[in-house]
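Working notes, beginning with the structure itself.
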Amino acid sequence: MSVAIVVLAGDGIGPEVVSAARAVIDALGLQVDYDEHAFGGAAIDRHGTALTDDTLEACRSADAVLLGAVGGPKWDRARDRDARAPRPEQGLLGLRQGLGLYANLRPVRPLPALYSASPLREERIAGTDLLVVRELTGGIYFGEKQRSAQRASDVCTYSVTEVERIARVAFEAAGRRRGQVTSVDKANVLETSRLWREVVSRVHGDDYRDLSLDHLLVDNAAMQLLSHPAGFDVLLTENLFGDILSDEAAMLTGSIGLLPSASLGEPDEPGLFEPVHGSAPDIAGTGAANPLATILSAALMLRHGLGLESEAAAIESAVDRALENGLRTPDLGGDVGTHGATSAVLEHL
Ligand code: IPM
Ligand code: MG
């Protein structure tokens, strides 16, 4: 079997961490065709836009898309000079929307070997194993935006269909895990959250009554992620809350440099797999970037994007064993760089 993967290395540390992930995929002996495209700031420099039609088309016809990271101070400065200048992040948002990637999965599973790297005390973090299911193509990210000299607005909207389909993703995932969904909203204030809560409850009552469902207000959820992280199984939430809570949850592991993500749409469409971290321009090119989040994203790609479960599990256990055997990148207080970390994973594969 040969698989076609579009590679969007992007900006900053993106190219370094993506090439680490490719080395790990290649070690599995699969037949892979890589198709590389400039994306984000790199595409702005070359084509004047963060996501070209050509790149979007290539992604649509691929089996999966592997992404590094986008953004950097260079394009932020261009934007400061001219508010109409293109932004690298527009590429990411355009890709999510263009591929219909409404379901973002962000697993957070701190390894016992790394409990001491967590900012939380070990007894708090012990046993934490949660999955953030974030709605990715709706809400305030994609609502109407307006700007005048004195006022700005971003509209938050959700339709019943949009809530239903992401709720199903969360319940299906919970059915394969510990059977417990916590839906996060702000139903005491927001109308979209009241709709969200109603629809999630109905989907649960109709089709998933054997699973447990709780509702939590987002401020309380932010607090409980720090006080009782091990109490969560699947955290289901809308786009903006999910953006914020998944960074918070990522830090439970000690570093956002470890967190992978999968963005999925309809089953026959390609998924997008990328680390949760950004382009880290401050360390780009120094060889210090932690490639593990991208390597773990490649594992999610094999599992969810290509149906290669045993290959995915092999990568995940190689990462776990490398960390258990003392692998520590600078973000985890160590001094092993991108190459060393990649070699350590390859040794255990
Ligand atoms: C993420 C990022 C993006 C988001 C940015 C880069 C647009 O923070 O994937 O979490 O807000 O979704
Ligand atoms: Mg984010």
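Quick notes on this structure:
- The set of residues from segment 256-278 being surrounded by fewer than 22 Cβ atoms within 10 Å (Cβ to Cβ), more than 12 Å from ligand 1 (Cβ to nearest atom) and modelled with pLDDT under 95 comprises Glu266, Pro267, Asp268, Glu269.
- Any hit, segment 66-74, residues being farther than 22 Å from Ser261 by Cα and open to solvent by 30 Å² or more (accessible area, probe 1.4 Å): yes
- First in segment 239-251 and under 16 Å from Leu226 (Cα atoms), second anywhere and near ligand 2 (Cβ under 10 Å from one of its atoms) and among the charged types (D, E, K, R), Cβ under 7 Å, 6 or more apart: Gly242/Arg134; Ser246/Arg106; Ser246/Arg134
- Conditions (1) crowded, with 18+ Cβ neighbours inside 10 Å; (2) at pLDDT 95 or above; (3) more than 13 Å from the chain's Cα centre (by Cα); (4) more than 16 Å from ligand 1 (Cβ to nearest atom): number failed by Asp214: (1)
- Listed by first and then second residue, the pairs linking a residue in segment 333-346 that is among the hydroxyl-bearing types (Ser, Thr, Tyr) to a residue that is assigned to a helix (DSSP H, G or I) and open to solvent by 30 Å² or more (accessible area, probe 1.4 Å), with Cβ atoms under 6 Å apart and 6 or more places separating them unless they lie on different chains, are Thr338/Glu16; Thr342/Ala23.
- Scope segment 78-124; condition open to solvent by 80 Å² or more (accessible area, probe 1.4 Å), within 12 Å of ligand 1 (Cβ to nearest atom) and in contact with a helix residue (DSSP H, G or I) (Cβ under 7 Å, 6 or more places away or on another chain); matching residues: Arg87
- The residues in segment 321-349 that are open to solvent by 20 Å² or more (accessible area, probe 1.4 Å) and under 30 Å from Leu99 (Cβ atoms) can be counted, and the count is 2.
- Top-ranked residue of segment 227-254 - restricted to ones that are away from ligand 2 (no atom under 16 Å from the Cβ) and surrounded by 15 or more Cβ atoms within 10 Å (Cβ to Cβ), ranked as farthest from Ser183 (Cα to Cα): Gly254
- Those strands (runs of 3 or more DSSP E) lying entirely in segment 58-153 with at least 2 residues outside the structural domain of Phe241 (by TED's automatic domain parsing) and in contact (Cβ under 8 Å) with a residue 24 or more places away in the chain: 64-69, 103-108
Residue-by-condition table, conditions (1) touching a helix residue (DSSP H, G or I) at 6+ places or on another chain (Cβ under 9 Å); (2) within 16 Å of ligand 2 (Cβ to nearest atom); (3) open to solvent by less than 50 Å² (accessible area, probe 1.4 Å); (4) modelled with pLDDT of 95 or more:
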{"site": "Leu136", "(1), (2), (3), (4)": "yes, yes, yes, yes"}
{"site": "Cys156", "(1), (2), (3), (4)": "yes, no, yes, yes"}
{"site": "Glu162", "(1), (2), (3), (4)": "yes, no, yes, yes"}
{"site": "Ala173", "(1), (2), (3), (4)": "no, no, yes, yes"}
{"site": "Arg177", "(1), (2), (3), (4)": "no, no, no, yes"}
{"site": "Ala187", "(1), (2), (3), (4)": "yes, no, yes, yes"}
{"site": "Arg194", "(1), (2), (3), (4)": "no, no, no, yes"}
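The values are calculated or read from the model by the stated rules, or taken from the named source; none is laboratory data. Please read these numbers as outputs of a predicted model, since none were measured by experiment. Glycine gets a Cβ as well: all are built from the backbone with ideal geometry, and neighbour counts include every protein chain shown. Protein only, heavy atoms only, side chains kept; ligands, DNA and RNA dropped before computing areas. Shrake-Rupley method; radii C 1.70, N 1.55, O 1.52, S 1.80 Å.
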